[in-house]
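Visitor: This is the structure I have questions about; it appears just below.
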Amino acid sequence: MSATVLDGKHVAALTEAELTERVSALKQKSGGRTPVLATILVGDDPASATYVKMKGNACRRVGMESLAIELPGSTRTNDLLRQIEELNNNPDVHGILLQHPVPSQIDERAAFDMIALEKDVDGVTCLGFGRMAMGEAAYGCATPQGIMRLLAHYDIALEGKHAVVVGRSPILGKPMAMMMLEANATVTICHSRTRELQSHIRQADVIVGAVGRPEFIRAEWIKDGAVVIDAGYHPGGVGDIELMPLIDRVSAYTPVPGGVGPMTINTLIQQTVESGEKALG
Ligand code: NAP
């Protein structure tokens, strides 16, 4: 069987070309204004700083602006909430990205939920999650929404399929499961207390690895013809799923790297452009 490679790098590049045109059209209509993504980085974690920088670079590539806010590691919850409120009230800002994780003294959930729904382009608020789960309009959480976009690009329908999502984090597993349910899949969510994990995975028509442990999901647990989505990325270029033995016997898979990863920032940027179009267009 020749599997379809779900090439996130390719889909992200196609989308960036389209977004560049949309930003340029918006600029012409609005007297030179572009969508603006505000990024908030609290503390000096180097990995978080790199992610924020990558997001700013992606904005520049499509011709839109970003506003980088850096706060000290000693920032308190109230200071951060005030900063977010200011951005909510700033008409020149169309999307707000609070880089996860924040230092431990901060109530991260309170900070996420301070973001106004119309600027929640990373899809992190409880309100946005609830609306999405109810089939109402909301920006999707960036990584799972990126996965849904990737599946749509390659015409992989979920209706009636059994999707097994391994992981239930607020930014990945839970919204992923709800999005797949909305797309009429039958969804099983597995986590660290799941019994007989292998037997659940063996039933999957679509398997999503969102565990955060290298090659934790073994190839032999996955049935022939399945669609394999791997959100993990670890040193050595492996994901959460043991991929190599699968590439000749599944119907589609995300490469690691270059599958899910590029779709996350791409979705954030796409949703910021949408928000900018609503506000400026
Ligand atoms: P996380 O918050 O650490 O969540 C991991 C999940 O895996 C938890 O729900 C946990 O269950 C579950 N789990 C842990 N051990 C397990 C076990 N033995 N059996 C079954 N489930 C188990 O991680 P995350 O933020 O969701 O990220 C997951 C992976 O995706 C990581 O590799 C991360 O790097 C990657 N990721 C990639 C992107 C991207 O842009 N490409 C974005 C975000 C994350 P409990 O809830 O029971 O603890």
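This table checks each residue for (1) open to solvent by 30 Å² or more (accessible area, probe 1.4 Å); (2) at pLDDT 95 or above; (3) closer than 23 Å to Ile222 by Cα.
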| position | (1), (2), (3) |
| --- | --- |
| Leu127 | yes, yes, no |
| Met132 | no, yes, no |
| Ala157 | yes, yes, yes |
| Pro170 | yes, yes, no |
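Visitor: Now for a different question. Which residues, taken from the stretch 134-155, are outside any helix (DSSP H, G or I) and crowded, with 24+ Cβ neighbours inside 10 Å? Let's see the steps before the verdict.
Guide: Going through the stretch 134-155, the residues outside any helix (DSSP H, G or I) turn out to be 134-141, 154-155.
Of everything in the stretch 134-155, those that are outside any helix (DSSP H, G or I) and crowded, with 24+ Cβ neighbours inside 10 Å turn out to be Tyr139, Gly140, Cys141.
Visitor: On the given criteria, is Leu197 of a type in the set (A, V, I, L, M), within 11 Å of the ligand (Cβ to nearest atom) and open to solvent by 10 Å² or more (accessible area, probe 1.4 Å)?
Guide: Details: of a type in the set (A, V, I, L, M): yes; within 11 Å of the ligand (Cβ to nearest atom): yes; open to solvent by 10 Å² or more (accessible area, probe 1.4 Å): yes.
Yes.
Visitor: I've got another one for you. Would you be able to tell me the number of residues in the stretch 200-214 that are part of a strand (DSSP E or B) and more than 10 Å from the ligand (Cβ to nearest atom)? Can you show your working first?
Guide: Within the stretch 200-214, the subset part of a strand (DSSP E or B) is 206-209.
Checking the rest, the ones that are also more than 10 Å from the ligand (Cβ to nearest atom) come to 206-207.
Summing the residues that are part of a strand (DSSP E or B) and more than 10 Å from the ligand (Cβ to nearest atom) in the stretch 200-214 gives 2.
Visitor: Now, a different point. Looking only at the stretch 156-170, which residues are within 11 Å of the ligand (Cβ to nearest atom) and not in a strand (DSSP E or B)?
Guide: Gly167, Arg168, Ser169, Pro170
Visitor: Suppose we filter the stretch 233-277 for residues that are open to solvent by 10 Å² or more (accessible area, probe 1.4 Å) and touching an Asp or Glu at 6+ places or on another chain (Cβ under 6 Å); how many remain?
Guide: Of the residues in that region, 4 qualify.
Visitor: I've got another one for you. Considering only the stretch 134-157, state which residues are in contact (Cβ under 8 Å) with a residue 40 or more places away in the chain and of a type in the set (A, V, I, L, M, F, W, C).
Guide: Of the residues in the stretch 134-157, the ones in contact (Cβ under 8 Å) with a residue 40 or more places away in the chain are 135, 139-140, 142-143, 145-147, 149-151, 153-154, 156.
Matches in the stretch 134-157: Ala142, Ile147, Leu150, Leu151, Ile156.
The values are calculated or read from the model by the stated rules, or taken from the named source; none is laboratory data. Source: prediction; values computed, not measured. FYI the Cβ positions are ideal-geometry reconstructions off the backbone, even for glycines, and counts take in every protein chain you see. Heavy atoms of the whole protein, side chains included, go into the accessibility calculation; ligands, DNA and RNA do not. Shrake-Rupley method; radii C 1.70, N 1.55, O 1.52, S 1.80 Å.
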